[in-house]
Every structure is written in structure tokens, then in C-alpha cells.
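First comes the structure, then the notes that go with it.
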Amino acid sequence: MKKIIAIQMFGNKNESFASFKESVKALINDGFVVEVITTDSQAAVLDDVKGLHMHTLNNKEQHNKVFKLYMFVKVQIQLFIKMFQMTTRHDVIYINSIYSVAPAIVAKIKRAKLVCHLHSAKQKSSVADKVLIYLINKTAHQVIFTSASLKDEFSLTVAKQAVVYNTPTDDFISNIDPLRITNRSKRFTALMITSSDDAGAISKITELATRLPLVNFEILLHDWTSQTAKLVINSDQPANLRILPENNNVHRFYERADVLINLSANEYNASGDIDVMHAMYYGIPVIVPAKSGLQELISAGKHGVAIDVDQVPTNVQTIQHLSANTLIYKQLSAACISQARLFTSDQFKAQFTKLFNGHRARPYDNLIQLFGNAYLSTDTSLFSGKAA
């Protein structure tokens, strides 16, 4: 059996570790021997994955830039030594972030195959980011993207490139309670999920809350810290806006939400696709950035709308329409559920593992997901072409 060495050490705070876990489980179930190198905290999330060989390295989060650089270099050296000892030319190295430099170098030296799974890109690439992209072009045998727009944004020269959309886990879907969906709160509620350092999106939703005092707004932070708590307590926020920490029961946030809003720049959208899919499985229409891979997951006007994140008046108008038109909202909600069901974990596993078995990506796998809602022939759009 072929051995795969999977690495998850670096990335933005909100990089989708759930996607990494599902990828690893898919590879093990397909018969691969998988060894994972990750941090102590992330290793705990993988404890329930049977048949996994685990290796951990210390990678404590640093807020000071100097210490952050020191820790980055230190971990890269440790990774290089560990990988060099473990890897043979018959192995496959799978990295879940653009920042795992050492494994890419080891793959080149050992002549092992390197597969990169990329989830997001920065709006403005630094010199270091450009060096990392150059390294991927020189070392990777296969690159997997979570959206077609992300693939276009990177514009890599690697011969094998594929798009595999992330999907909700079977556990998430099985825990959806239809009864609680039908009994949402009477006051219209908008939900945004992001990280504490996404200041731009938090500022924009605060402005929306100010302009729409009759709508409840909730910001769910998946990197809640004591520093974040102090910031929230001291902030002058509207009475209809709540900033909350994510916990193990994310379902309760979707159960009371009526619309999911994503106002984040690309670099903060690594887990945005999963959030959108979660919302749609709950029948929640979505508002996503016009310039992002998230718009690929919806048909504008049937499952939500794609709007430029800077167009606050358009966002205000859209939320007002959704909250005021019960009939159209129900049509959008039903369409969201139908669309979401096209994105299954079985389909993700099949597409993902085929790439590790030497098969090329099949474009029509994505088309089934993206255009499987063609039977929705009636245009239920309440949004103008300008907004969508």
C-alpha cells in the first residue's frame, strides 16, 4: 500500500482544518497508509480517526512578529528533519497549506510526489508569498483548489490542477433538526462567521446593524481569545449586534439564523465554503462576495446573492427584501436545501481519492454540483442584475 505523509502545520487562523480531517479519513478509507504531522492542538481533533499514524510538533501561536518569524523558521527546520527521515521516493507528501516549505523541499530532494491543497489566497501577495508560489510551481506534482476562481487567481504552471469543492461532514448533516429550523425566532437574524482579525468584515456588519435596527446581527468568531473578549466588551456596538465565540454546537447558530452574510476578503475565506454549505443545508439564503469562489456555490437570485463587499447600501436593500418577502424567502430556502444536497461527503471522497490514485480530474464532477439545480426553471429572483 502506498504511504501518504499529510502535513497541517501552518495557515490562517480560519483555515479549514475540518477539510484536512475529511481528506485524511477519505485516504485511509481508500486503503492508503496515512501518517500525519501536525500540532498538538490539531492532533486532538484527529483522535477519532481510526488507522491514523500521528506525529506532533510544537507550533505555538505567536502574536509578536519577531517571535512569529522565529517559530516559523524553527518549525520549518524541525519539519525538514522529520520529513527527511520519514520520506522515500515511493511516498506521496500531502500539504494542506501554501506555507509548508520544508516538506516541498524534501519532496524535491527525495523525488517523492507532492500534492498541495490550497484553500485561500491573500488579496495582496507579499514577496514571501510569491516565493512560496514559485516553490510550488517547481516542486508540486498536483495542486487541488477549493474553487475555480482560486485556481485562476494562483495561475500556477503545475501540469496537474484540480478543483474539488469542500462539503459538510455526514455528522453535521445528520445532526440537523428539521423541527428547529421551522421554529426560528420571529425577529429576522443575520449571521456572519469569521475570525477576530477580519477587521474589515466586522466593521461592515457593524455598519449594517446600525442601518437595520430591526434586524438581529450575530458575528460568530472561531478564534475567540481573552484579548478578543476584552475588545468586544469595550467596543461601542449597536444593541442589535452580538459577537459570540464558536463552540462545539454550531448548529444552534444556524437554527436561529435567517441569512448568512460573508463580507470577508479572500484571505479570510478559507473556511467560507463550508459555512455557506452549512447554511444552505439549513435552508438559509446566503450573501457572498462577488469576487470570491463562494459565488460558484450558488445561483444568484435562487440561493442568495453575490455582492461586492463594499456595497453596503446594496447589502442593506437585500436584507430588507429577504426579511419583508415571506413567500420569496420560502422559495429561496427550499432551493438552498435542494442545491446543498448536491454537495455530499461521498462525492468529495470519490473526487479527492481519485487524484491520489493517478486519475485526472473530471470537469463534469463539478458541473453536477454547480448546475444540478437546472430543474429550478422558475426564476424566483428578487434581486436586480445590478445586485447579483
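If you roll a 1.4 Å probe over the heavy atoms of the protein chains, what accessible area per residue do you get for the stretch 117-173, in Å²? It would help to have the intermediate numbers written out before the result.
Details: 2650 Å² over 57 residues.
Computed with neighbouring chains in place, this is 47 Å² per residue.
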Original post:
Round to a whole number: what % of the accessible area of the stretch 14-56 belongs to carbon and sulfur, probe 1.4 Å?
Top reply: 48 percent
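Can you give me the convex hull volume of the Cα atoms of the stretch 3-115, divided per residue and expressed in Å³? Show your work: numbers first, answer last.
Details: hull volume 10.3 nm³, N = 113.
For the stretch 3-115, the hull spanned by Cα atoms encloses 91 Å³ per residue.
Which value results for Rg/Rh of the stretch 34-174 when Rg is the Cα radius of gyration and Rh the Kirkwood radius based on the inverse mean 1/r?
Details: Rg = 15.9 Å, Rh = 16.5 Å.
Expressed as Rg/Rh, it is 0.96.
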Original post:
On the first, second and third principal axes, largest extent first, how far apart are the outermost C-alpha atoms of the stretch 139-205 in Å?
Top reply: 53, 34, 17
Original post:
Can you work out D for the stretch 82-138 in µm² s⁻¹ from Stokes-Einstein, where Rh is the Kirkwood radius over C-alpha pairs, the temperature is 10 °C and the viscosity is 1.306 mPa s?
Top reply: 133 µm²/s
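Using a 1.4 angstrom probe, figure out how much accessible area the stretch 237-339 has per residue, in square angstrom, rounded to the nearest whole.
Ligands and nucleic acids excluded, the result is 34 Å² per residue.
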Subject >> Average projected area [Cα convex hull, the stretch 101-175], square nanometres >> reply: 6.4 nm²
**OP:** For the stretch 46-105, evaluate the Debye formula with one uniform point scatterer on each Cα (no solvent term) and list log10 I(q)/I(0) at q = 0.22, 0.25, 0.26 Å⁻¹, rounded to two decimals.
**Re:** -1.04, -1.18, -1.22
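If you roll a 1.4 angstrom probe over the protein chains with everything in place, what fraction of the accessible area of the stretch 90-170 belongs to carbon and sulfur, to the nearest %?
On the way: 1850 of 3400 Å².
Carbon-and-sulfur percentage of accessible area, whole number: 54.
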**OP:** Give the accessible area for Glu153 in Å² (nearest 10); use a 1.4 Å probe, count only protein heavy atoms, and leave out ligands, DNA and RNA.
**Re:** 90 Å²
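The values are calculated or read from the model by the stated rules, or taken from the named source; none is laboratory data. Quick caveat: nothing in here was measured; it's all calculated off a predicted structure. Only protein heavy atoms, including side chains, enter the accessible area calculation; ligands, DNA and RNA are left aside. Shrake-Rupley method; radii C 1.70, N 1.55, O 1.52, S 1.80 Å.
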